[in-house]
Every structure is written in C-alpha cells, then in structure tokens.
1. Could you please find all residues in segment 44-64 being surrounded by fewer than 17 Cβ atoms within 10 Å (Cβ to Cβ) and within 15 Å of Leu136 (Cα to Cα)?
2. Is there a residue in segment 122-143 that is hydrophobic (A, V, I, L, M, F, W, C), at pLDDT 90 or above, within 22 Å of Lys15 (Cβ to Cβ) and surrounded by 14 or more Cβ atoms within 10 Å (Cβ to Cβ)?
3. Going by what's in this entry, would Leu32 be described as modelled with pLDDT of 95 or more, touching a strand residue (DSSP E or B) at 6+ places or on another chain (Cβ under 9 Å), outside any strand (DSSP E or B) and within 19 Å of Pro144 (Cα to Cα)?
4. Do you know which residues across segment 35-62 are assigned to a loop (DSSP other than H, G, I, E, B) and among the hydrophobic types (A, V, I, L, M, F, W, C)?
5. Could you check segment 81-109 and list, in sequence order, the residues that are farther than 23 Å from Ala59 by Cα and at pLDDT below 85?
6. So which residues in segment 63-76 are closer than 16 Å to Arg34 by Cβ and assigned to a strand (DSSP E or B), if there are any at all?
7. His72 fails exactly one of the following numbered conditions: (1) out of contact with any Gly (no Cβ under 9 Å at 6 or more places or on another chain); (2) closer than 16 Å to Ala21 by Cα; (3) of a type outside the set (Gly, Ala, Ser). What is the number of that condition?
8. Can you name every residue in segment 14-26 that is surrounded by 14 or more Cβ atoms within 10 Å (Cβ to Cβ) and part of a loop (DSSP other than H, G, I, E, B)?
Amino acid sequence: MKAMKRADKMNSSGKNPVIHANALVYGASGILIRGKSGSGKTTLMLNLIENARNRNCFAAIVSDDQTAISCHNGRLLAHRPDPVHSIGSTLIDMVVELIDPKLMERLPDETNATILETKIRKLQVPANDEIAASRLILNAIANPRDT
C-alpha cells in the first residue's frame, strides 16, 4: 500500500512510477504480480508462462521485479522501466497479491485495488506456492468479472 501511495506521488510529477512487481501477458489478460521480496513473484510468473505454453496459449514476460506503471484512458498500463529490453507494454486486467498462506482464507474473496486512481480487480494468492497460486489465477482469468 505504501508503495502505491509513493507511486501516486511520483506519477503526479509527470514520470511513470516504478514499483516492485512483475507483469506478464497470459492469453489476452495482463497480470501484475505484487509481493514481498522472496515471496515467489518470478517463480509464479514462470509457472504461468510454462502453463500457457503447455496449453498452446500466448504468454510473455513484460517486466520482472521492477515495473513502470501509468494510467491511460482509465486503464492501468505496465511496462519495463528500461524499454530497450522489453516486449512492450500491457494493459493490466488483474493485480495478484502474494500473501502469507497462514493469513489467507480457504477460498479467498476477490476485491479491487486502486492504483494510480484506477480501480482494478485484485486476487490474493498464497506466497511461495506457485501451483495453488496458478490455479487461482487461471480460474480468475476463466471467470472474468467487472471491477
């Protein structure tokens, strides 16, 4: 939450804020993965990409560990801070938060997050459990909802 408030302040200065998160495209969905260092963001992202390839579905890494974000026409956009090594950018459809499994409900409810004054679907998944987290994310992608 503090990182998002800092990002809002940075964005008001005209720069795209950079946050500690990963971004990827899975099929037609843009996903932003947030979590503490060591919570499994990169492992989860790679697991989702492998899953997509096994299903003959498109998936690509947009950014790893550092993600620049901006808001365009009421939608959140994510890209690498260094555009030289990037596939480009993606519109974000869902924010995934990796949290301590001990703090999770058995069947977590989806809520919304607000990033750069943009309301977006949020899903909490267990940290360091890429199999369970991937299943929850794939279920959310298969069952979209309005924010």
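1. Asn47
2. no
3. Spelling it out, it is not the case that Leu32 is modelled with pLDDT of 95 or more, touching a strand residue (DSSP E or B) at 6+ places or on another chain (Cβ under 9 Å), outside any strand (DSSP E or B) and within 19 Å of Pro144 (Cα to Cα).
4. Within segment 35-62, Cys57, Phe58 meet the criteria.
5. From segment 81-109, those farther than 23 Å from Ala59 by Cα are 99-109; that's our starting set.
Leu103, Met104, Glu105, Arg106, Leu107, Pro108, Asp109, listed by residue number.
6. Hits for segment 63-76 are Ser63, Gln66, Thr67, Ala68, Ile69, Leu76.
7. His72 satisfies every listed condition except (2).
8. Asn16, Pro17
The values are calculated or read from the model by the stated rules, or taken from the named source; none is laboratory data. Keep in mind that what you see is a predicted model, and the values were worked out from it rather than measured. Don't worry about glycine lacking a Cβ; one is built from the backbone with ideal geometry, like all the others, and counts go over all protein chains shown.
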